[in-house]
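Taking it in order: structure first as structure tokens, then the write-up.
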Amino acid sequence: MPRQQITGVILAGGLARRMGGVDKGRQLLNGKPLVEHVAARLGPQVQTLLINANRSQDDYAPLGYRLIEDALPDFPGPLTGLHAALGVTETPFVITAPCDSPYLPLDLVARLYTALQQNDSKVAIATAGGRQHPVFCLCHRDRFDALDHFLRNGGRKVMHWCAENQAVEVDFPEQIDAFRNFNTLNDLKAP
């Protein structure tokens, strides 16, 4: 897999309503911020790693990754993080991962990339345990205009956009727990 063709983006730009509005990526799991767990697992799989953050930039800056903000106002959802990354990347592909999934697969990018190549597709998402995990999305840069149109016309649901773009689903049956996410502060107390 040519990792030099792929930019990773950690999605930390949301409002974290279920977590009481705190900056989710900065919350600690085993003494380390969630975003650092994700960076440690996603970073080696990509050429460049970005963090999509709409607040707390001063807290994220010391990590040393380029920070990008949503280009659209009012926190319209995770697709805007992909949109922001596609708008600035110089690589052909972008992979997204949420900041609250610290156990993401170490072979996530390789398997999604392989599926794209085998299916001659532009978008691939992860599935596991019978559930879709579309925020784990590998997307070709040429999907930027389609995503921009979708978002500017009120589209917000990730699976609707994935369906419109014939996303390939890649199953990780042996790694169901790798997609576990932490939505509340109580979740962080019982990893």
*Around LEU29, which amide H atoms from residues at least 5 apart in sequence, or from another chain, sit under 5 Å from its own amide H, with H modelled in the peptide plane?*
LEU34
*Amide H within-cut-off set for PHE136, under 5 Å, with H built and near neighbours excluded*: ALA126
*Would you mind telling me which residue in CYS162, CYS99, CYS137 has the biggest mean-square fluctuation in a Gaussian network model of the chain, where springs connect alpha carbons within a distance under 10 angstrom?*
CYS162
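Order by neighbour count: LYS24, LYS157, LYS189, fewest other Cβ atoms within 10 Å first, most last.
Values: LYS24 29, LYS157 12, LYS189 9.
Listed from fewest to most nearby Cβ atoms, that is LYS189, LYS157, LYS24.
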*Which distance in Å, rounded to a whole number, links the C-alpha centroids of region 72-102 and region 116-191?*
11 Å
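In percent, how large is the relative contact order of region 54-191, given Cα pairs closer than 8 Å and 6 or more residues apart?
Relative contact order for region 54-191 comes out at 28 percent.
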*Want the number for ASP171 to ALA61: 0.36 nm per residue separation, take away the alpha-carbon distance, what's left?*
36.2 nm
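Please give the calculated 222 nm ellipticity per residue for the chain, where each DSSP H segment of at least 4 residues contributes -39500 (n - 2.57) and the sum is spread over every residue; nearest 500 deg cm²/dmol?
Details: 7 runs with 56 residues, N = 191.
So the helix-based figure for the chain works out to -8000 deg cm²/dmol.
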*Excluding residues on the same chain fewer than 8 positions from LYS189, give the aspartates and glutamates whose Cα lies under 19 Å from its Cα.*
ASP23, GLU36, ASP100, ASP177
_Quick check: pseudo-label points 7 Å beyond the Cα along Cα→Cβ at GLN132 and ASP145, how many nm apart are they?_
2.5 nm
_For a bin width of 10 Å, list the pair-distance distribution of the chain built from all Cα-Cα distances, rounded to whole %._
10, 40, 39, 11, 0
*Extension gain ALA110-LYS157, at 0.36 nm per residue separation less the Cα-Cα distance, in nm?*
14.4 nm
*Could you give the nm distance between label points at LEU72 and ASN181, where each point is 7 Å from its Cα heading toward the beta carbon?*
1.7 nm
*With the chain treated as a Gaussian network of Cα nodes joined by springs under 10 Å, which of ASN119, ASN153, ASN165 yields the largest mean-square fluctuation?*
ASN153
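At 0.36 nm per residue, minus the direct Cα-Cα distance, what do ASN119 and GLN47 gain on full extension? Give it in nm, one decimal, please. Don't skip to the answer; put the middle values down first.
Working: separation 72, 0.36 × 72 = 25.92 nm, distance 2.31 nm.
Difference between extended and current length: 23.6 nm.
Taken together, the values in this text are just the output of simple stated rules run on the coordinates, not laboratory data. From a predicted model like this one, the values you see are computed outputs, not experimental measurements. Note that each Cβ is placed from the backbone with ideal geometry, even for glycine, and that neighbours are counted across all protein chains shown.
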